[in-house]
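Peer 1: Let me give you the structure first, and then I'll get to my questions.
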Amino acid sequence: MNEVSVTITAGEGCEEHNHGLEYRSKLEHTHDTGKDTVIELVPYEKSYKEQINELMKPYIKERNDYTLKRKAAAWDRYNSGQIKTKPRNRDYPLIGNDYYTQHLHDQMRNPKTNKMEQIKMFRSLIIGLGDKSDRENGKITKEQALHIFNEFLVKFKEDFPYFHILGATVHLDESGFYHMHLDFKPIYERAEDMEYIQKHGGGLRCGTGLDETLARMGYNPEQSIINERDKVPILFNAMRNKMYKNMETIMNENGLYLMYGATSIKEPEKDASVNMPLSQWQDTKDKTLEMQHNMNVAKDFLKQDTVDEKNIVYAYERLENVSSQLTEMENSPKSRLNKNKIVVEYHVFDQLTTFIHELKSMIGALLKRIKLMSDKIDSLKDENKTLNNKLDSTKNELVQYKNDNKLLKIRLDDVKEQNSVLQTKVNDHNHSMLTMSKKLNKSEARNIALTRFVKETTRNQIHLKNGQSITVYDAIINRLSPEDKTRVRKTMDLEGNKNSQNR
């Protein structure tokens, strides 16, 4: 799988820059600006002003209703003589529904710097995938980027329910890395009722501070999992760390590995670590990327259906390399300038303890799995040897079966030939029997005819020339003269005619 870095940074937020097609078409770094290149992942149908005013309207109405209720109660007290001064409108001011305009320029004092700073009307994040070279080389495609951004938004809504998304725009009209501008308004409801709120400073029954909203959603301050310098745990890091974890899962599902660390090459004018020596910054980045690459190689290896000993050794060496680099980076003090421009030492990745432990745990799990796989390979080798022996035996049996089959075929041909000869004899015998049957039938018919003939001839008398008489049978049996034979024939014909008439 391809390895792609991810950046999640807080921006100033500019509605026109994110959504204004005409405005963007005049920028120097854009091209082909249009609906096909400025893609709205969340429908941009209303301005931020309209959206924010709609979000705050229920809270404003609740506050105004409570104010009017207090004013009416004051009038009741006045009319009943409990108070002598008439209630004044200025003591019960109502809040207008244009929250956006009323609070657009609100300021508050920063307790760290003791300076007045403008309160942000909404929050803005820039979510980046890879860098310009990744996009140009096809390590990540437009389709992949859009799908990942959409999935990211789904998780964002689940994990940060009090963040109301105002806009989510992907700018494809820029030639740099794939990125999405995500603008949202933090709003949380206060647990106190309006009476308590009114007695303790007033305001609406909701808050819009980023840290307060994160705390209400159950987040606690965390150290960053991507920065190289020591940082005090803050709630913003908790939010961003969660986003990184979500992005890592989404990218893995889309065939990509997330590489922690901004980019492979430092851009001093854009990087926040301007006080860190470039050589140290680049060395840290290189080692970070190398460690993650080695981990990814090991992961890819373990996903393979088939492995061999060389791959196991290769993966093991990669993991050993990661382990040694972690130890080196943990124990190598670096230096940076603090806010007073004083050089101080710190340990790289001190704030990445959790990340380091996770990696070490993963290394241990991978090594254990490799050991199990190695044992399994030895077992499979023995099993394979047994199977090969069985295969050789089976091959020999197959040869024997083929030879036996050949002999059987020869015997079958002989039997077929013998059967053919026997069939011919059977046919001849059947023919002879049929002929004999026919002859027998004729013989039986002849016997019947002769029997009848004898009966008929013994019953009839023939008168001879000399005055004697004999039976027809005797006449036929004895050799009569031709004249007598003729007389017998005539007599038989006459008798036969008589019999026919009598019948």
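The values are calculated or read from the model by the stated rules, or taken from the named source; none is laboratory data. No experiment lies behind these values; they were computed from the predicted model shown. In this analysis, Cβ positions are derived from the backbone assuming ideal geometry, glycine residues included, and neighbour counts consider all displayed protein chains. Surface areas here come from the heavy atoms of the whole protein model, side chains and all, with no ligands, DNA or RNA. Shrake-Rupley method; radii C 1.70, N 1.55, O 1.52, S 1.80 Å.
Peer 1: Residues of region 56-101 being within 49 Å of the chain's Cα centre (by Cα) and of a type outside the set (Phe, Trp, Tyr), which ones? Give the derivation first.
Peer 2: At the first step, the residues of region 56-101 found to be within 49 Å of the chain's Cα centre (by Cα) are 56-62, 97-101.
MET56, LYS57, PRO58, ILE60, LYS61, GLU62, ASN97, ASP98, THR101, listed by residue number.
Peer 1: What about VAL343, is it open to solvent by 90 Å² or more (accessible area, probe 1.4 Å) and modelled with pLDDT under 65? Outline the logic, then answer.
Peer 2: Working: open to solvent by 90 Å² or more (accessible area, probe 1.4 Å): yes; modelled with pLDDT under 65: yes.
In short, yes.
Peer 1: Here's a follow-up. Does any residue of region 205-214 turn out to be assigned to a helix (DSSP H, G or I), hydroxyl-bearing (Ser, Thr, Tyr) and more than 23 Å from VAL6 (Cα to Cα)? Can you show your working first?
Peer 2: Restricting attention to region 205-214, the residues satisfying the condition of being assigned to a helix (DSSP H, G or I) are 210-214.
So of that shortlist, the ones also hydroxyl-bearing (Ser, Thr, Tyr) come out as 213.
From the residues that got through so far, the ones that are more than 23 Å from VAL6 (Cα to Cα) too are 213.
Checked against the condition, which is being assigned to a helix (DSSP H, G or I), hydroxyl-bearing (Ser, Thr, Tyr) and more than 23 Å from VAL6 (Cα to Cα), region 205-214 yields at least one hit.
Peer 1: Pairs only if they're at least six apart or on different chains, beta carbon under 8 angstrom, first in region 13-33 and surrounded by 12 or more Cβ atoms within 10 Å (Cβ to Cβ), second of a type in the set (Lys, Arg); list them, first residue then second.
Peer 2: Close Cβ pairs satisfying both conditions: GLY13/LYS120; GLY13/ARG123; HIS17/ARG24; LEU21/LYS35; THR30/ARG24; THR33/ARG24.
Peer 1: When you check GLN144 against the structure, is it out of contact with any Leu (no Cβ under 8 Å at 6 or more places or on another chain), not in a loop (DSSP other than H, G, I, E, B) and not basic (Lys, Arg), yes or no?
Peer 2: Working: out of contact with any Leu (no Cβ under 8 Å at 6 or more places or on another chain): no; not in a loop (DSSP other than H, G, I, E, B): yes; not basic (Lys, Arg): yes.
No.
Peer 1: Go through (1) at pLDDT 95 or above; (2) in contact with a Lys or Arg (Cβ under 7 Å, 6 or more places away or on another chain); (3) open to solvent by 20 Å² or more (accessible area, probe 1.4 Å) and name the single condition LEU166 misses.
Peer 2: (3)
Peer 1: Can you name the residue in region 62-82 that is within 30 Å of PRO186 (Cα to Cα) and in contact (Cβ under 8 Å) with a residue 12 or more places away in the chain and, of all such residues, is least open to solvent (accessible area, probe 1.4 Å)?
Peer 2: Filtering region 62-82 down to residues within 30 Å of PRO186 (Cα to Cα) leaves 62-70.
If we keep only those that are in contact (Cβ under 8 Å) with a residue 12 or more places away in the chain too, we end up with 62-64, 66-68, 70.
Values: GLU62: 57, ARG63: 29, ASN64: 24, TYR66: 48, THR67: 3, LEU68: 86, ARG70: 75 Å².
Applying the filter and picking the extreme gives THR67.
Peer 1: Moving on. Write out, first by first residue and then by second, each pair whose Cβ atoms fall under 8 Å of each other, whose residues are 6+ apart or on separate chains, and whose first residue, in region 190-214, is at pLDDT 85 or above while the second is among the basic types (Lys, Arg) and open to solvent by less than 20 Å² (accessible area, probe 1.4 Å).
Peer 2: THR208/LYS185
Peer 1: If I ask for residues that are part of a loop (DSSP other than H, G, I, E, B) and either open to solvent by 90 Å² or more (accessible area, probe 1.4 Å) or in contact with a strand residue (DSSP E or B) (Cβ under 8 Å, 6 or more places away or on another chain) (or both), which ones from region 90-117 would you list? Write out each step before concluding.
Peer 2: Step one: filter region 90-117 for residues part of a loop (DSSP other than H, G, I, E, B), giving 92-98, 104-106, 111-114.
Across region 90-117, the qualifying residues are LEU94, HIS105, ASP106, PRO111, LYS112, ASN114.
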